[in-house]
Amino acid sequence: MVTGSPWERDAMSAIPGPRSRELMKLRKQYVARGLDQQHPVFAASTTGATVTDVDGNRYIDFAGGIGALNAGANHPEVVEAVSEQAGRMLHASFHVLMYEPYVRLAERLCEITPGAVDKKVMLINSGAEAVENAVKIARYATGRPAVITFENAFHGRTLVALSLTSRARSEGFGPLAPEVYRSPFPYVYRSSSGSEAKTAASCVQAFRRLVDKVGADRVAATIMEPVQGEGGFVVPPAAFVQGVSAYCRTRNILFIADEIQTGFYRTGRRFGIEHFDVVPDLMAVAKSIADGLPLSAVIGRRDVMDAIPPGGLGTTYGGNPVACAAALKVIEILEREDYGARAFKAWQASWELIGDVRGLGAMVAMELVTDRQTKTPAADATSAVIAEALRAGLVLVKAGAHKNVVRFLGPLSITDDELEQGLKVLERALGTVSSAGASPVSRHARPARTRARS
């Protein structure tokens, strides 16, 4: 049993421990192989930014349940709100008997999302469902079939959401949904254009050409992540986001912001799209909305949301009263604690293994490469860094089309001490993996507390 702080744990402690190994046998026997796992341990309890596994090992959490715990795991105020609501009512289905938490949350979401326009809300259960319904609403409201997505995107694993996602993730799952078209996304680090401005301009022009090729009168919407999440925390230039949005307006195409991973202060602002001074017509939100409980939402202009008549939208569990109670409390906490000001600067490129560092606010990542000149993805080294960090008490997750990006998705409530110690573990892991070839070029590789970008 580990009794010290997670960063004091003996590096020789067995990971995974005997209980995790026992449960892994059940996982292999009864759980579908297609469900990915990044770590061979089973969690037993969580609090704030600390995870304890079934063998008593404790870890600093830089993963946050894949960005679903911005307010902190098992926040006591959220637990209290959930307990109180669970004691009154677990489920009624809003379509049968309406309940107050649903409409209160809808009201709050309309208040905090961008745009001084009348809005309405639909509550569902997951990010993929939010994307599916946003597209469904856009198609009905416009009477047009086509949707434009972007290369390297991730929008979910259900049919339409998967069709909107990078082709590499949809191989073998066809036929996919029709009338989905892809446009280049400005991945500046891997661009051949030579500059951010040229990359942005080139991608805007490619988007305009695609709209004209498909036919603007056939395009219902374009959907964009303000920062590509699973794609590797790729931050687009503001000129690109603004250029796409402006062209959508001129051609009466709806702009959908997928804020599933960027929302609720992850990027230093309430929603990632606010960094670009763009007001979307529709937004899809999920993940940190309810401290890990299954809840998501589509928020949009009233005229667009109300285009569908009664009965055209629906879900049995969407907007569950317990999840709504959690979400109301999460929003209260995030607003009160000013987590938008608790953003991080990007890591400095301290090891030759680090090819790029990027992010907005606390949505920060490093891309690992075998050679900085060729930028060859270092997927094996990325897995090794993550495994080495876990052995030393730090939970990380990777991302990127080549699985070579280490990302920070830990709770925004993480303490300064937890952050500092977690970064020490990460730096040691980078050093251990780099020692086989690459050498350090500076001493420190850590983000620091800073004010959010205005």
Only listed residue being out of contact with any strand residue (DSSP E or B) (no Cβ under 9 Å at 6 or more places or on another chain), buried (at least 17 other Cβ atoms within 10 Å of the Cβ) and under 30 Å from residue 228 (Cα atoms), chosen from 63, 68, 128, 73
68
I need the full set of residues from region 94-110 which are farther than 21 Å from residue 81 by Cα, surrounded by fewer than 17 Cβ atoms within 10 Å (Cβ to Cβ) and under 26 Å from the mean Cα position of the chain (by Cα), in order please.
none
What is the residue count in region 211-246 for residues that are outside any loop (DSSP other than H, G, I, E, B), in contact with a Ser or Thr (Cβ under 9 Å, 6 or more places away or on another chain) and over 22 Å from residue 132 (Cα atoms)?
1
Within region 187-207, does at least one residue satisfy the condition of being of a type in the set (Gly, Ala, Ser), closer than 26 Å to residue 125 by Cα and modelled with pLDDT of 95 or more?
no
Pick from region 35-81 the residues that are of a type in the set (A, V, I, L, M) and in a helix (DSSP H, G or I): which of them is farthest from residue 400 (Cα to Cα)?
81
Among the candidates 340, 355, 272, 311, residue that is among the small types (Gly, Ala, Ser) and without any contact (Cβ under 8 Å) to a residue 60 or more places away in the chain:
311
Looking at the structure I just gave you, is residue 84 in a helix (DSSP H, G or I), out of contact with any helix residue (DSSP H, G or I) (no Cβ under 6 Å at 6 or more places or on another chain) and either farther than 25 Å from residue 169 by Cβ or outside the structural domain of residue 301 (by TED's automatic domain parsing) (or both)?
yes
Top-ranked residue in region 378-432 [being surrounded by fewer than 24 Cβ atoms within 10 Å (Cβ to Cβ) and hydroxyl-bearing (Ser, Thr, Tyr); ranked as farthest from residue 227 (Cα to Cα)]
432
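Residues are listed down the side, and each one gets a yes or a no for (1) part of a helix (DSSP H, G or I); (2) surrounded by fewer than 23 Cβ atoms within 10 Å (Cβ to Cβ); (3) in contact with a Cys (Cβ under 8 Å, 6 or more places away or on another chain):
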{"site": "115", "(1), (2), (3)": "no, yes, no"}
{"site": "120", "(1), (2), (3)": "no, yes, yes"}
{"site": "139", "(1), (2), (3)": "yes, yes, no"}
{"site": "176", "(1), (2), (3)": "no, yes, no"}
{"site": "206", "(1), (2), (3)": "yes, yes, no"}
So the check is Cβ under 7 Å with 6+ separation or different chains; which pairs have a first residue in region 157-182 that's not assigned by TED's automatic domain parsing to the domain that holds residue 216 and a second one that's assigned to a helix (DSSP H, G or I)?
none
All positions within region 247-278 that are out of contact with any helix residue (DSSP H, G or I) (no Cβ under 8 Å at 6 or more places or on another chain) and either surrounded by fewer than 22 Cβ atoms within 10 Å (Cβ to Cβ) or in a strand (DSSP E or B) (or both)
249, 250, 274
Is it true that residue 26 is in a loop (DSSP other than H, G, I, E, B) and modelled with pLDDT of 95 or more?
no
Can you tell me which residue among 300, 319, 292 is assigned by TED's automatic domain parsing to the domain that holds residue 123, outside any strand (DSSP E or B), touching a strand residue (DSSP E or B) at 6+ places or on another chain (Cβ under 6 Å) and surrounded by 17 or more Cβ atoms within 10 Å (Cβ to Cβ)?
319
Residue under question is residue 183, and the condition is that it be in contact with a helix residue (DSSP H, G or I) (Cβ under 6 Å, 6 or more places away or on another chain), under 25 Å from residue 156 (Cβ atoms), surrounded by fewer than 23 Cβ atoms within 10 Å (Cβ to Cβ) and polar (S, T, N, Q); does it hold?
yes
Residue under question is residue 185, and the condition is that it be more than 17 Å from residue 276 (Cβ to Cβ), assigned to a loop (DSSP other than H, G, I, E, B) and either in contact with a Lys or Arg (Cβ under 6 Å, 6 or more places away or on another chain) or of a type in the set (Phe, Trp, Tyr) (or both); does it hold?
no
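The values are calculated or read from the model by the stated rules, or taken from the named source; none is laboratory data. The structure presented is a predicted model; accordingly, all values stated were derived computationally and were not measured. Glycine also receives a Cβ, built like all others from the backbone with ideal geometry; neighbour counts cover every protein chain displayed.
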